[in-house]
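Let me begin by presenting the structure, written as structure tokens, before commenting on it.
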Amino acid sequence: MAVCARLCGVGPARGCRRREAQGAQRQEGPADSEPDTDAEEERIEGARLGQEEAPGPAAAAQAPLSLLELPPELLVQIFGFLPGTDLPSLAQVCSTFRHILRTDTIWRRRCREEYGVCENLRKLEITGVSCRDVYAKRINPRVKSGRFMKILPDYEHMEYRDVYTCLLHRYRHILGLWQPDIGPYGGLLNVVVDGFFIIGWMYLPPHDPHVDDPMRFKPLFRIHLMERKSATVECMYGHKGPHNGHIQIVKKDEFSTKCNQTDHHRMSGGRQEEFRTWLREEWGRTLEDIFHEHMQELILMKFIYTSQYDNCLTYRRIYLPPSNADDLLKPGLFKGTYGSHGLEIVMLSFHGKKAKGTKITGDPNIPAGQQTVEIDLAHPIQLPDIENLCNFNELSRIVLEVQEQVRREQQEEEEGQDKEEGRSRQGDSQQVEQPVQRDDAEAEGTEAAGVAATQESALTLQPFVLPVGVISRNKDYPRTCRMCFYGTGLIAGHGFTSPERTPGIFILFDDDRFGFIWLELKSFSLYSRIKVSFQNAEAPSREAFDEMLKNIQLMTT
């Protein structure tokens, strides 16, 4: 019976090939007939009774010898497990495979497993409307969905094979996180698959100084199938709805967008109306509400500069930082306060005994891509009691003492390296080997003791308050912290002139917040984690992530 089940055809018109063979043998005569007992069943029964028996030649001859002998529905299941990139080659094997690969179930599975496409695309019954209606309302709630319904195609008869081949696979290289090249300001773009669409969302920090508020986001472009075999790129910039755009993939980690109808970006009220609208969206206020003259100049400068890039932009790929079990906290993206420049996005990553904060968005002083803070994890700082902590001079004295200690250690390390090189040149390597090993053992012991002390201190919270005279945009900072470390912060003049690293103190509040006090500026920056699950943003290797940091820093140097 098991053999019959494997060899049976599909459909009522086709019978059991085994029964047909048996009928033909009975007509020839009793000598040519075979017994009613199946050889396969005898082998299974014999194995069950402990009587192992090799399968007979008849059973071996009746087993399927190729995939073509399997039922079509079983082939559909098998082909559905293969990567979508292998299916076109499989279709060239024979006409039967090509016919089976037209089954939409196979491509629907590939769209779901490889790109996360929703299972029920055609009838999204969350609010009783189709998915395209839901999408139109989500893109621009202020515009009635009927306006979008006139320009969106009818997806009722869309095939998943076309979605996979003409949309998802074609534009797979632009999925993930990107940094737009907007001079010193940078940005954060996340390209994702959303239903039948590929959408580029620009993520914006919350309005200053509410650093704990969630991120804001708006669509810059979208790609979808206006026709079954052709993907259409639409620019979403401006307030007149989607319009014609273009995407060019320059290379694997770089692409550019271009708007072909920039008149859709303009407003009837001219540049003044555009500036007032941009200001409400970017800062959540009007220019009259901003009394600081220097801040007004910075805002106006940013509007003039960024509006030049509304028709063409270039994006470069960025990765999320890799994490290790022994990291001080989980690395990732954070929102941070930067005085008159407002809130900016910073990427925190760990590199051995150092932690680095790299700007994803920037300003005319410290542009995007530069390393804004660096934390020395080998030099923790013990804060004084609350009364002395309120005194800025006392905190400054503690930090400057650690700075001098770091300077001496670096000088001794450089002198030791010079001596080591001199001895190596003299060929006295054997005499050098033992002291070097002893120094390494001492260093490892000191480092282990420091790590143990740090972990022990992290278990107890200590009170924290900003010293008198330190400026903070956000007064609602935590009043307890876990630990503090010595660090340096990058400061520079307008246009990134005369950059220098100045001493400061890193304060770890909890798993999602930390702060940094800039001693020279007498300023405090509060950072809060961006709690967004970004897809296709993991670095393929540690080397690839380090290379990415190096490249984005060189772009703005």
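Within segment 468-486, none of the residues are at positive phi, at pLDDT below 70 and of a type outside the set (A, V, I, L, M, F, W, C). Residues that are open to solvent by 30 Å² or more (accessible area, probe 1.4 Å) and over 19 Å from the mean Cα position of the chain (by Cα) within segment 166-183 comprise just one, 170.
When the strands (runs of 3 or more DSSP E) confined to segment 195-281 are screened for residues that are open to solvent by less than 70 Å² (accessible area, probe 1.4 Å), among the polar types (S, T, N, Q) and closer than 18 Å to residue 307 by Cα, those reaching at least 1 such residues are found at 254-259. Applying the condition of being free of Cβ contacts under 8 Å to residues at least 40 places away in the same chain and more than 29 Å from the chain's Cα centre (by Cα) to segment 486-520 and asking which residue is surrounded by the most Cβ atoms within 10 Å (Cβ to Cβ) yields 518. Scanning segment 314-332 for residues that are within 13 Å of the chain's Cα centre (by Cα) and without any contact (Cβ under 8 Å) to a residue 60 or more places away in the chain yields one hit, 331.
Going through (1) farther than 17 Å from residue 481 by Cβ; (2) in contact with a Leu (Cβ under 8 Å, 6 or more places away or on another chain) one by one, residue 359 falls short only on (2).
Does residue 525 qualify as being open to solvent by less than 80 Å² (accessible area, probe 1.4 Å) and either under 17 Å from residue 212 (Cα atoms) or part of a strand (DSSP E or B) (or both)? Judged against the criteria, residue 525 is a match. Filtered by the rule that a residue be more than 24 Å from the chain's Cα centre (by Cα) and either under 16 Å from residue 191 (Cα atoms) or of a type in the set (Ser, Thr, Tyr) (or both), segment 246-275 gives 262, 268.
The values are calculated or read from the model by the stated rules, or taken from the named source; none is laboratory data. The structure presented is a predicted model; accordingly, all values stated were derived computationally and were not measured. Backbone-built Cβ (ideal geometry, glycine too); neighbour counts: all protein chains shown. In case anyone asks, the SASA skips ligands and DNA or RNA and just uses the protein heavy atoms, side chains included. Shrake-Rupley method; radii C 1.70, N 1.55, O 1.52, S 1.80 Å.
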